[in-house]
Each structure stands twice: as structure tokens, then as C-alpha cells.
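Enquirer: Structure provided below as C-alpha cells; questions to follow.
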Amino acid sequence: MSEPILALRGVTVRFGGVTAVSGVDLEVRAGETVGLIGPNGAGKTTLFNVITGTVRPQAGSVRLRGERIDGLRPSQIARRGLRRTYQIVRPFPQLSLVDNVLIGGMFGGEKGPRGGDLRGRALDLLATVGLADKAAMLARDLNLAEKKKLDLARALAANPAVLLLDEVLAGLNPTEIDRSLDLLERIQRDQGKTIMMVEHVMRAIMRISRRVVVLHHGEKIADGQPEAVARDPRVIEAYLGEPIA
């Protein structure tokens, strides 16, 4: 079996007397889509913050493509091939969509496009997410679903090795969720992206994830195929409430 592209070992984070993440081991292999679920306060976003460098763990390590990245600045981690989206989307409101994506590409990893190629890449990504006809529009004029697509295009502009999605479906209606899932599946299939996503929409997690990891009170309580995790008594008790068919 190949080495994981992203590997966490014994990651622990404490805020004062509160342990937000406790001894978490987690691996993600190239090309996987891994769902990260759990109740509010389980430590999911804190774990994303550790991976992206905005929070430093008190114990444990994080490796990206074999290189230890915990302790690096977020900008250094981003340039090594890791990008994320956010639950609360904050584009540059006074800039056009294409300029928002260009900014994402300007801070790309070592394999990202350069110079004049950036604008063409930005336009291609807007077409990928279904926003090509709005390229010149100001980001402030988009609705929520469109802003989330823009955030995704901006993250993809850096050509990341690993893409972290933090509740990318939050606030969307069922039709918008289905369209977003179609888009994510197409990106994973066509670009071979490695994706790790925090999500509360269980039908989405069950559809798109190859593996599901469950956190509860900062600890990992399950890690496996979606169907097996959905039947795990610990997961049902801690999060689901009842088995998922």
C-alpha cells in the first residue's frame, strides 16, 4: 500500500483546560475522498486548523507527502500543496470573480501556473464550477451557493495536492446540494484531487466519501467505509441517533 499523502499521529490540542482534540491518528491516501463527521464541538474544525497551520498542536505530528508540516506557517503549508475552503465564505467583495480566483492562483504551490497562464486557468476554473458567465461580476453580488462555488474555484486555483472542505454544503437547499455533489465528484474524477471534508449532511457524506472518520469529544471513535461506520453503535449513540439505511 502506498504511503499516505496526509498523515496525523497523536494530534492533541488543548485550549486552557479543555482538550479539543485528543491523540488523533488519521491517514488520507492520494485520490481518496474522506468524510469527517461528528457532533458540534467534536473537534472537526480544530483538526482542520491544525492541518492548515492556524492552530499548533500541543502533541503529535502532521505530515504532508512525508514532510512534517506542524509548526510551519499557514502560508508555508499552502505552498506545499494544501488548501481549504471555509464554512463562512468571505470572498473579496469588491473584486470580480476572475480576480478572486486569480488571487488564489498567485499563492499557488510549486506546480501551479505562472504569469499569463493564471488568467486562463482562473477562467477555466470558473467554467468548471459553473460560473463562467459571471466572471466579470463582483463577488458581493453572488448568492450563497455561488459564493461557495467561487471559494472552491479559488482553492483549486493553487492546484493543491490536498483539498480540505469545511461544510461546503451548509446553507444550501437539496437541489443545490445535489449539484454541488455532482461538481465535487467530477473534480475528484477528472482532476484526481485528494479531498477531506467536514460535513453534517449525512446523505452527502454517504454518497461521496470512500472513508468516513468520526470524532466525538475530540477523540476518533470510528474510521472505515461509510456503510460500516453508519452501523457502528458508538457512532449511532454519539451522533446519528439511528442507523442510516
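Enquirer: With springs connecting C-alpha atoms under 10 Å apart, model the chain as a Gaussian network and identify which of E185, E67, E199 has the largest mean-square fluctuation.
Expert: Answer for the Gaussian network model of the chain: E67.
Enquirer: Of F48, P160, I195, which is farthest along the charge dipole of the chain in the positive direction, counting Lys and Arg as +1 and Asp and Glu as -1 at C-beta?
Expert: P160
Enquirer: Need the C-alpha centroid separation for region 131-158 versus region 28-52, integer Å.
Expert: Cα centroid of region 131-158 versus Cα centroid of region 28-52: 24 Å apart.
Enquirer: If the limit is 21 Å between Cα atoms, which of K44/K220; K148/K193; K148/K220; K44/K148 go over it?
Expert: In this structure, K148/K220 lie more than 21 Å apart at Cα.
Enquirer: Once you keep just the Cα pairs under 8 angstrom separated by 6 or more residues, what percentage relative contact order results for region 1-145?
Expert: Values: 199 pairs, mean separation 27.7, N = 145.
Answer for region 1-145 is 19 percent.
Enquirer: List, largest first, the extents of the alpha carbons of the chain along their principal axes, each in whole Å.
Expert: 50, 39, 39
Enquirer: For the chain, what is the percent of antiparallel DSSP beta bridges, rounded to the nearest 5?
Expert: Values: 20 of 36 bridges.
Expressed as a percentage, antiparallel bridges in the chain total about 55.
Enquirer: On to the next question. Among all the aspartates and glutamates, which ones have a C-alpha under 19 Å from K149's C-alpha, if same-chain residues fewer than 8 places away are not counted?
Expert: The reachable aspartates and glutamates, counting only those whose Cα sits under 19 Å from K149, are D99, D124, D133, D141, D166, E167, E176, D178, D182, E185, D190, E199.
Enquirer: Here is a follow-up. How big is the dipole moment of region 1-111 about its Cα centre under a simple scheme where the beta carbon of each Lys and Arg is +1, that of each Asp and Glu is -1, and everything else is neutral? Debye, nearest 20, please. Each step should come with its number before you reach the end.
Expert: Numbers: 15 positive and 8 negative charges, 43 e Å.
Charge dipole, region 1-111, about its Cα centre: 200 debye, nearest 20.
Enquirer: Let me ask something additional. Note down, for region 1-73, the three equivalent ellipsoid semi-axes (square root of 5 times each alpha carbon gyration tensor eigenvalue), biggest first, whole angstrom.
Expert: Working: eigenvalues 84, 44, 19 Å².
With the √(5λ) rule applied to region 1-73, the semi-axes are 21, 15, 10 Å.
Enquirer: Between A127 and E219, how many nm apart are label points set 7 Å from Cα along the C-beta direction?
Expert: That separation, rounded to one decimal, is 5.2 nm.
Enquirer: Here's another thing I want to ask about it. Among G105, G35, G10, which residue has its Cα positioned farthest towards the positive end of the charge dipole of the chain, with +1 placed on the Cβ of Lys and Arg, -1 on the Cβ of Asp and Glu, and the dipole taken about the Cα centre?
Expert: Sorting the options by dipole projection puts first G105.
Enquirer: Pick from V201, V24, V50: which is most flexible by mean-square fluctuation in a GNM of the chain where alpha carbon atoms under 10 Å apart are linked?
Expert: In the Gaussian network model the winner is V201.
Enquirer: Restricting to Cα pairs below 8 Å that are 6+ residues apart, what does the relative contact order work out to for region 1-68? Please round to a whole percent.
Expert: Details: 107 pairs, mean separation 29.5, N = 68.
That works out to 43 percent.
Enquirer: State, to one decimal in nm, how far the label point of Q76 lies from the label point of L183, with both points 7 Å from Cα in the Cβ direction.
Expert: Rounded to a tenth, the inter-label distance reads 3.3 nm.
Enquirer: Here's another thing I want to ask about it. Can you compute the helix-only [θ] at 222 nm over the chain? Use -39500 (n - 2.57) per DSSP H run of at least 4 residues, normalise by all residues, nearest 500 deg cm²/dmol. Mind showing how you got there, number by number?
Expert: Working: 8 runs with 81 residues, N = 245.
Dividing the helical sum by the residues of the chain leaves -9500 deg cm²/dmol.
Enquirer: Now for a separate question. Might you work out the accessible area of T128 for me, using a 1.4 Å probe with all protein chains in place, and round it to the nearest 10 Å²?
Expert: 40
The values are calculated or read from the model by the stated rules, or taken from the named source; none is laboratory data. Since the model is a prediction, treat every value here as computed from it, not as a measurement. Every residue, glycine among them, receives a Cβ derived from its backbone with ideal geometry; neighbour counts consider all protein chains shown. Remember, those area values only see protein heavy atoms, side chains included, never the ligands or the DNA or RNA. Shrake-Rupley method; radii C 1.70, N 1.55, O 1.52, S 1.80 Å.
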